[in-house]
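What follows is a short report on a single structure.
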Amino acid sequence: MSYTRKGGLLQFFHPVLAIAGNATKPLAAINIAAANATHGEFVCVIPCTVRKLQGTVILATVSTSTLPVVTFKKYTLPGAGGTATTIDTLSIPDASSVGQTIYVKDLSTSFLPGQVIQISHTLGTGGSVAGELVVDGEFDHDPETPANSSLMVLSA
């Protein structure tokens, strides 16, 4: 009997951390009260399928009209290159409490090594907007063969 290997974001993806300093910090908490921003990319290193995406609140949120939204996009190449597809979004509810996890499930977006997840947020408006969260998800190993991906090249 065999079982599908499952894991979180960092089991199947590696954060893209720039050599030179820049503003994207994919491992940092997302300040949903800050201006709209892209928080960086995670490059796929093991073929997988996204099953669930989530954000866990680490600083309580407050917003009285337009909710903040965290967006997860798939790009075919690092550096926001190639075609972009929105995997899904998280709308962060008013008065979310510390430790609360907001999630979307039943996803089935496949990734091959070299493709990326980009994370961004749109600021909520109205009232007193505040809050921070960290993102993660659930992923299944996809036993794809390197021969089926043009991004996989055998070393000479």
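Results, tabulated for the structure shown:
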{"item": "Segment 75-148: radius of gyration and largest Cα-Cα distance (Dmax), Å", "result": "15.8, 53"}
{"item": "Extension reserve of the A35-T76 stretch, reckoned as 0.36 nm per residue once the Cα distance is removed", "result": "12.1 nm"}
{"item": "Accessible-area composition of the chain, carbon plus sulfur, in percent [1.4 Å probe]", "result": "56 percent"}
{"item": "The chain pair-distance distribution - Cα-Cα, 5 Å bins, rounded %", "result": "2, 9, 18, 20, 19, 14, 9, 5, 3, 1, 0, 0"}
{"item": "Value of relative contact order over segment 48-136, rounded to a whole percent, pairs C-alpha under 8 Å and six or more apart", "result": "50 percent"}
{"item": "T83-T125 FRET efficiency (beta carbon distance; Förster radius 30 Å; 0.05 resolution)", "result": "0.50"}
{"item": "Within straight-line cross-link reach of K52, lysines at Cα separation under 19 Å, skipping those fewer than 8 residues along the same chain", "result": "K6, K73, K74, K105"}
{"item": "Per residue accessible area of segment 52-156, 1.4 Å probe, in Å²", "result": "50 Å²"}
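The values are calculated or read from the model by the stated rules, or taken from the named source; none is laboratory data. All values reported here derive from a predicted model rather than from experimental measurement. Please note: Cβ atoms are built from the backbone with ideal geometry, for glycine as well, and neighbour counts cover all protein chains shown. Ligands, DNA and RNA are stripped out before the accessible areas are found, and what is left, the full protein with its side chains, is counted by its heavy atoms. Shrake-Rupley method; radii C 1.70, N 1.55, O 1.52, S 1.80 Å.
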